[in-house]
Amino acid sequence: MTTEPPWMAHGYPNIWLPYAQMKTCARPLAVVRTAGSRIELADGTSLVDGVASWWTACHGYNHPHIAQAIHEQLESAPHVMFGGLVHEPALKLAERLCALLGPGLDRVFFTESGSVSVEVAIKMAMQFWVNQGRPRTRILAFKGGYHGDTFGTMAVCDPKVGMHAAFQGMLTDHDILALPQDSTSDAALDAFLQRHGENTAAILVEPLIQGAGGMLMHDPEVLRRLRKLADRYGILLIFDEIFTGFGRTGTLFAFEQTGVRPDIITLSKALTGGTLPLAATVASQRVFDAFWSEDPSHALMHGPTFMGNALACAAANASLDLFEQESRVEQAQSLEAALREGLEPCRALPGVRDVRVLGAIGVVELEHAPDREALRQRFVDAGVWIRPFGRVVYLTPCFTIDASDLSTLTSAVFNVLASP
């Protein structure tokens, strides 16, 4: 018998849930604790988490090293405004991020969420040109792309993704084209930039995989083509690594697999190991130099209240410790083979269009969008937390998941999709 905690006894009359039609959506599950790769519900059910809380909990839940770092920082200074003040956790984190990203990405601007980090990247790119007296007002992004839910980021998402349909006609107009994945699309993008490159501030792309737009994967050569085009037309290149950063694709950053580097990169999600909200927009010295001036109007006028939050920065530093000490990238790489083996049998199932794997990302794409609420409940009944969207059933487990729990996830995907 289901036993709900007192705080769920009357449902959720004051909560507005994300991505949900509140009138018809299923009742959310009450969580009382997490540990490792598991979520424990109030009724005692233990679910294997297949999505690592929207791709954030890369080390698993409740890692003691991160918890200890947060506790120690809480005792000294949980937060202090970043306007006119700085603190050691933020300075240390910025230095470490730049060292990991390598030469050419030198200045870190902290925010609290991925969407805002992309907003800041767009502002940086546009003001880069304004400060030089050559305003450029448009961003070039791509079909299948998703970059966030704020107004600025909605405007650079593929409108056909569908989440932001209610706002069409209200958003700033930018250019959404096909990724240059073959000679035809490459030529089309080149021709577009010949005509409009002088008004394009930046090219914005998710490297190697477009996440929320459908878990769409592309070859590293696509990023190399974009770098060449950006250089040819003097345009900034922004990589949105909010999803892909910190090991998810099998390298610490996805761009490492391409041989090219962006002018600006955005990071979030796994930055703090899934513990606290934090994001970063990291720019090249060239971008930063366009703001370095005696003119106050050339400053970047952006400053989230909780930017550089000390607790979050302490968590992020502890998370980076774990990447150094516990072979996280190698664990993500080993998950690729296991996910491929576990999900490949789904290819033979009726209604399955494709199975694809990259690093610690496993995707089963269906021919038609399923009843997501019903499918989600069937996964819960199978002992796993998997949250399909669109036509996609996907796994992005924590890197530390053990073989038994991973097998539970892949078996559940196969068995649920195989049953009528």
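Since every read-out is calculated from the coordinates, none of them should be taken as a lab result. Treat the numbers as computed from the prediction; the structure is a model and nothing was measured. Using ideal geometry, Cβ is built from the backbone for each residue, glycine included, and neighbour counts are taken over all protein chains shown.
With a Cα-only, solvent-free Debye model of segment 125-203, what are the log10 I(q)/I(0) values at q = 0.12 Å⁻¹?
After summing over all Cα pairs, the log10 values are -0.37.
Sorting VAL287, VAL393 on the 10 Å Cβ count, fewest up front, what's the list?
Listing VAL287, VAL393 from fewest to most nearby Cβ atoms yields VAL287, VAL393.
Give, in nm to one decimal, the length gained when the segment between SER404 and GLU88 is fully stretched (0.36 nm per residue of separation minus the Cα-Cα distance).
Result for the pair: 109.7 nm of gain on full extension.
Show me the trypsin sites (Lys or Arg not before Pro) within segment 7-72 that DSSP assigns to loop and that have at most 10 other Cβ atoms within 10 Å of their Cβ.
Of the trypsin sites (Lys or Arg not before Pro), the ones in loops of segment 7-72 whose Cβ has at most 10 other Cβ atoms within 10 Å are LYS23.
Over segment 64-325, what is the mean sequence separation of C-alpha contacts under 8 Å (at least six apart), divided by residue count, expressed as relative contact order in percent?
Values: 486 pairs, mean separation 77.3, N = 262.
Across segment 64-325, relative contact order equals 30 percent.
Within the chain, what is the longest stretch that has no chymotrypsin sites (Phe, Trp or Tyr not before Pro) placed in a DSSP loop and near at most 12 other beta-carbon atoms within 10 Å?
The segment 20-291 is the longest one with no such site.
Taking the Cα centre of the chain as the origin and placing charges on Cβ (Lys, Arg +1; Asp, Glu -1), which of SER407, ALA141, THR249 is farthest toward the positive end of the dipole?
ALA141
For the chain, give me the percentage of DSSP beta bridges that are antiparallel, rounded to the nearest 5 percent.
Around 65 percent antiparallel, to the nearest 5.
Under a 10 Å cutoff between Cα atoms, tell me which one of ALA382, ALA188, ALA20 has the largest fluctuation in the Gaussian network model of the chain.
Of ALA382, ALA188, ALA20, the Gaussian network model singles out ALA20 as fluctuating most.
For the chain, give the magnitude of the charge dipole about the Cα centre (Cβ charges: +1 Lys/Arg, -1 Asp/Glu; no others), in debye to the nearest 20. Write out the running numbers ahead of the final one.
Values: 33 positive and 45 negative charges, 160 e Å.
Charge dipole of the chain: 760 debye, to the nearest 20.
Simple spin-label model, 7 Å along Cα-to-Cβ: ALA67 to THR172 in nm?
4.3 nm
What is the pair-distance distribution P(r) of segment 349-420, computed from all Cα-Cα distances in 5 Å bins starting at 0, with each bin given as a whole percent?
Taking all Cα pairs of segment 349-420, the binned fractions are 3, 16, 29, 29, 16, 6, 1 percent.
Could you check the spin-label model distance between GLU324 and ARG286? Points 7 Å from the Cα along Cα→Cβ, value in nm.
It is 3.0 nm.
Taking 25 Å as R0, compute the FRET efficiency from the Cβ-Cβ separation of GLU344 and TRP54 and round it to 0.05.
0.50
What is the ratio of the Cα radius of gyration of the chain to 2.2 N^0.38 Å, with N the residue count, to two decimals?
The reported ratio for this selection is 0.99.
Taking only Cα atoms and a 10 Å spring cutoff, compute GNM fluctuations for the chain and point out the largest among LEU223, LEU208, LEU171.
Highest fluctuation among the options: LEU171.
When VAL86, VAL161, VAL130 are ordered from fewest to most other Cβ atoms inside 10 Å of their Cβ, what list results? Working shown, then result.
Working: VAL86 12, VAL161 19, VAL130 16.
Exposure proxy ranking, most exposed first: VAL86, VAL130, VAL161.
VAL352's amide H: which non-local residues (gap 5+, or another chain) put their own amide H closer than 5 Å, with H modeled 1.01 Å from N in plane and none for Pro or chain starts?
GLU367
If neighbour count is taken as other Cβ atoms inside 10 Å, put SER268, SER183, SER113, SER334 in order from fewest to most.
With the sparsest Cβ surroundings first, the list reads SER183, SER334, SER113, SER268.
Given the C-alpha centroids of segment 100-146 and segment 215-250, what is the distance between them in whole angstrom?
When both Cα centres are located, 14 Å separates them.
Pull out the extension gain between MET81 and ALA99, defined as 0.36 nm times the separation in residues minus the alpha carbon to alpha carbon distance; nm, one decimal.
Length gained, MET81 through ALA99: 4.0 nm.
Fully extended, how many nm does the chain gain between GLU4 and ASP190 (0.36 nm per residue separation, minus their Cα-Cα distance)?
61.2 nm
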